[in-house]
1. Of all residues in segment 1-27 being over 30 Å from Glu62 (Cβ atoms) and in contact with a strand residue (DSSP E or B) (Cβ under 9 Å, 6 or more places away or on another chain), which is surrounded by the most Cβ atoms within 10 Å (Cβ to Cβ)?
2. Would you please name the residue that is surrounded by the fewest Cβ atoms within 10 Å (Cβ to Cβ), looking only at residues in segment 63-109 that are within 19 Å of Asp6 (Cβ to Cβ) and of a type in the set (Gly, Ala, Ser)?
3. Among the residues of segment 56-97, count how many are farther than 30 Å from Cys12 by Cα and assigned to a loop (DSSP other than H, G, I, E, B).
4. Pairs under 8 Å by beta carbon, first residue on the phi > 0 side of the Ramachandran plot in segment 42-54, partner in a strand (DSSP E or B) and modelled with pLDDT under 90, six or more apart or different chains?
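The values are calculated or read from the model by the stated rules, or taken from the named source; none is laboratory data. Because the structure is predicted, anything quoted here is derived from the model rather than measured. With ideal geometry, Cβ positions are generated from the backbone for all residues, glycine too; neighbour counts draw on all protein chains shown.
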Amino acid sequence: MLTESDAKQRWCPWARAEITDGDGSPLASANRLAAVGHEGPDIEWPDARCIASDCMAWRWDELRDTRERKLVNKKTGAEEFSGTTADTEWVLVNPLERMPQRMGYCGLAGKP
């Protein structure tokens with residue numbers, strides 16, 4: 001699972017970038033420089049990176065709120081260990097804690 005911003009830094013095996021000659025005429029398309037005779041490390045074209053939720057194959061994982069909560073008395077705010085919903089409520093232990101980031105994955109290869 002990846003955050004959307006992490007996914008956008010990954011290579012997409014399905015993406016293609018156009019390779020042109022000196023006058024701009026298309027020659028081929030590829031997503032790795034080695035595919036067009038580039039010598040050296042096999043690096044990807046920036047245009048061949050994942051586009052995350054802009055892609056039809058992107059799948060969001062179920063969002064889980066994992067922040068810690070405690071049961072408190074509605075009137076006094078004191079922590080409780082049992083009670084009815086009329087008398088108690090669940091509150092965040094740390095109200096300033098942010099919601100976990102939403103995660104997703106490329107659905108072309110199935111769910112991780």
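1. Ala17
2. Among those that are within 19 Å of Asp6 (Cβ to Cβ) and of a type in the set (Gly, Ala, Ser), it is Ala109.
3. So the answer is 21.
4. Nothing qualifies.
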